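A short worksheet on the structure shown next.
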Amino acid sequence: MASQSMEIMAKALEQQVLQSARMVEEQLDAELGKLERMDDDEMEKLKERRMEALKKSQKQKQEWLGKGHGEYKEIPSEKDFFPEVKESNRVVCHFYRDSTFRCKILDKHLSVLAKKHLETKFIKLNVDKAPFLTDRLRIKVIPTLALVKDGKTKDYIVGFTDLGNTDEFPTEVLEWRLGCSDIINYSGNLMEPPTLTQKSGSKGHNSDSEDD
């Protein structure tokens, strides 16, 4: 009986797979048919729309680069923070301290992501030069990333707790965490982080608490 049930389930599954394949094939045929039925004028309009979209994308890219996107840079003081976040819709600000080892780890990952995600501005600010701002944003642990959207701080990444609690997390995990806050355009699966490939027991250094 058990083998009969398994056989029935296998056949049902096979039917489902075949049905899905047929549906995909039909959709492709329909799209190809639509393209074949297009006359020269329609094809020309399609090309024009694509060119327009490409020009718009290039213009947006140039605007971002003009605002300092595409590079990970340090801002001199806390008074520079407000113009920076007003100018761009999405900003990641790393509050760091020179003596904190984990800040240097974040620097490495943020430099990579700044080049990859032009839609977001990536900056850093030394907490020792920003006493008012760190107090106002209630930043107590270094490093902390403040995620600012439309001029308002929407989320924080405090220490490495959200990044696998290890010094050896891959850049992809930080990218995923930023995507969860919609501070970058993330194309992966937000439901679960990328697989962590760190060695077991590599917890590393603890985050430094900021002095009051």
Only one of (1) at pLDDT 80 or above; (2) open to solvent by 100 Å² or more (accessible area, probe 1.4 Å) is not met by Gln58, so which one is it? (2)
With the requirement that a residue be without any contact (Cβ under 8 Å) to a residue 60 or more places away in the chain, farther than 21 Å from Arg138 by Cβ and open to solvent by less than 40 Å² (accessible area, probe 1.4 Å), what does segment 171-187 give you? Val173, Trp176, Gly179
Residue count, segment 157-170 (criterion: open to solvent by 30 Å² or more (accessible area, probe 1.4 Å) and either part of a helix (DSSP H, G or I) or closer than 20 Å to His69 by Cβ (or both)): 2
Quick one: which residue in Lys45, Lys104, Lys56 is free of Cβ contacts under 8 Å to residues at least 60 places away in the same chain, under 18 Å from Val158 (Cα atoms) and out of contact with any strand residue (DSSP E or B) (no Cβ under 8 Å at 6 or more places or on another chain)? Lys104
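The values are calculated or read from the model by the stated rules, or taken from the named source; none is laboratory data. Bear in mind the structure is a predicted one, so any value in this text is a computation, not a measurement. Methodologically, a virtual Cβ is constructed for each residue, glycine included, from the backbone with ideal geometry; neighbour enumeration extends over all protein chains shown. Accessible surface areas use protein heavy atoms only, side chains included; no ligands, DNA or RNA. Shrake-Rupley method; radii C 1.70, N 1.55, O 1.52, S 1.80 Å.
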